[in-house]
Amino acid sequence: MERSLSMEIVRVTEAAALASARWMGRGEKEEADGAATEAMRTVFDTIPMHGTVVIGEGEKDEAPMLYIGEEVGSGNGPEVDIAVDPVEGTNIVALGTWNALCVVGIADRGNLLHAPDMYMEKIAVGPEAVGKVSLDYSVEENLRAVAEAKGKDVEDVVAVVLNRPRHQELINEIREAGARIKLIPDGDVAASINACFDDTGVDILMGVGGAPEGVLSAIGLKCLGGEIQGRLKPVDKEQEQRCVEMGVKDVSTILYMDDLCSGDDAIFAATGITDGELLKGVQFKGDKATTETVVMRAKSGTVRFIDGNHSLQKKPNLVMED
Ligand code: VTB
């Protein structure tokens, strides 16, 4: 994979963040998502690559753009698989709260799990706790392992959990173990990435979220040297069949990093739409706008934070063709 793709995909996530951030707090999540998707789609085609969307906005017949199987890029260049989430946290943008991201991950062709839209049980940690946690361990064992790996007491550990009724038992167990909890309304990709950065105050993500978001998180964590494990949670026979089709015959199998994102290279970029612990959201003033993006590459391990200052007068469509 070309290393220059890193900078190219920053342009993609920036454009999508700028477009969707206009919808912040307006209560219209579909519009926020539509604006980001359209901007993302437009910028993708200026990039020299032959990309296929494997994690996208939906199946071919249900999404007009960035659907699974859609080809993106100029057509010249490396053959890559693309995972996108134009707005990770559409409700977050609609409400103007924390941690909405535009996310793109790229890997060499065939290296990403083609996870359909179903649930996945997840556990994600930063580099210090890699290999120390498991979806097969109890909640308490995992929290103790993270505490030990990070040189903290369990009482100091912060576990992020999606605020959903399905997590009541998990929440009780975390509380019983003595750890602290951050309940989030959406955005478990941000939470997984945040677990790799001490300043965010996040130590571990636990619970059930979307499987596509699990693959996106794996791309980011691969670049950061962290770890996510996933277990698919099909809810009916049809979803069970989907698991078999993507090569997961036994759904109780734990999917490790290499099952979610294989190979030694991958690129991940995320731009903040709304403010978060790691990235500031988009700010507008007149015809200027600012963005903050993290972009990283697994092969080199380089992590870059990029501040973008954008002239909306010169780039009214958020993209320049040349
Ligand atoms: C999570 C969350 C995402 O989907 O993966 C969630 O992190 C899972 O679905 O931001 P439910 O809302 O049904 O719990 C999102 O909310 C985005 O779709």
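The values are calculated or read from the model by the stated rules, or taken from the named source; none is laboratory data. All values derive from a computational prediction rather than experimental measurement. We place every Cβ from the backbone using ideal geometry, glycine too, and count neighbours over all the protein chains shown.
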First in segment 131-153 and assigned by TED's automatic domain parsing to the domain that holds LYS222 and at pLDDT 95 or above, second anywhere and among the polar types (S, T, N, Q) and crowded, with 20+ Cβ neighbours inside 10 Å, Cβ under 8 Å, 6 or more apart: VAL133/ASN142; VAL133/GLN229; SER134/ASN142; SER134/GLN229; LEU135/GLN229
Test: residue in segment 296-315 that is farther than 16 Å from ALA19 by Cβ, touching a Phe, Trp or Tyr at 6+ places or on another chain (Cβ under 7 Å) and assigned to a strand (DSSP E or B): yes
Which numbered condition ILE123 misses (of (1) of a type outside the set (Phe, Trp, Tyr); (2) within 16 Å of the ligand (Cβ to nearest atom); (3) not assigned by TED's automatic domain parsing to the domain that holds ALA179): (3)
Hits in segment 252-264 - residues which are farther than 19 Å from TYR137 by Cβ and modelled with pLDDT under 95: ASP264
Residue satisfying condition, being at pLDDT below 95 and out of contact with any strand residue (DSSP E or B) (no Cβ under 6 Å at 6 or more places or on another chain), within set ALA177, ALA94, ALA115: ALA115
Some residue of segment 77-98 being within 14 Å of the ligand (Cβ to nearest atom), within 17 Å of the chain's Cα centre (by Cα), on the phi > 0 side of the Ramachandran plot and of a type in the set (Gly, Ala, Ser): yes
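Can you spot a residue in segment 113-121 that is farther than 30 Å from ARG41 by Cβ and buried (at least 17 other Cβ atoms within 10 Å of the Cβ)?
Yes: one or more hits.
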Number of positions in segment 208-226 that are of a type in the set (Ser, Thr, Tyr) and surrounded by fewer than 24 Cβ atoms within 10 Å (Cβ to Cβ): 0
Extreme residue, surrounded by the most Cβ atoms within 10 Å (Cβ to Cβ), among residues of segment 166-190 that are under 19 Å from ARG144 (Cα atoms) and small (Gly, Ala, Ser): ALA179
Filtered residue count, segment 248-291, keeping only those that are under 21 Å from SER6 (Cβ atoms), outside any loop (DSSP other than H, G, I, E, B) and in contact with a helix residue (DSSP H, G or I) (Cβ under 9 Å, 6 or more places away or on another chain): 10
Every residue from segment 99-113 that is away from the ligand (no atom under 16 Å from the Cβ) and of a type in the set (Gly, Ala, Ser): ALA107, GLY110
Strands (runs of 3 or more DSSP E) wholly inside segment 164-247 that include at least 3 residues being touching a helix residue (DSSP H, G or I) at 6+ places or on another chain (Cβ under 7 Å) and more than 10 Å from the ligand (Cβ to nearest atom): 227-233
Residues of segment 279-322 that turn out to be buried (at least 21 other Cβ atoms within 10 Å of the Cβ) and not charged (D, E, K, R), as a count: 11
Number of positions in segment 131-163 that are away from the ligand (no atom under 16 Å from the Cβ), over 20 Å from LEU255 (Cα atoms) and in contact with a Lys or Arg (Cβ under 9 Å, 6 or more places away or on another chain): 7
Test for LYS122: is it part of a strand (DSSP E or B) and closer than 27 Å to ILE204 by Cα: yes
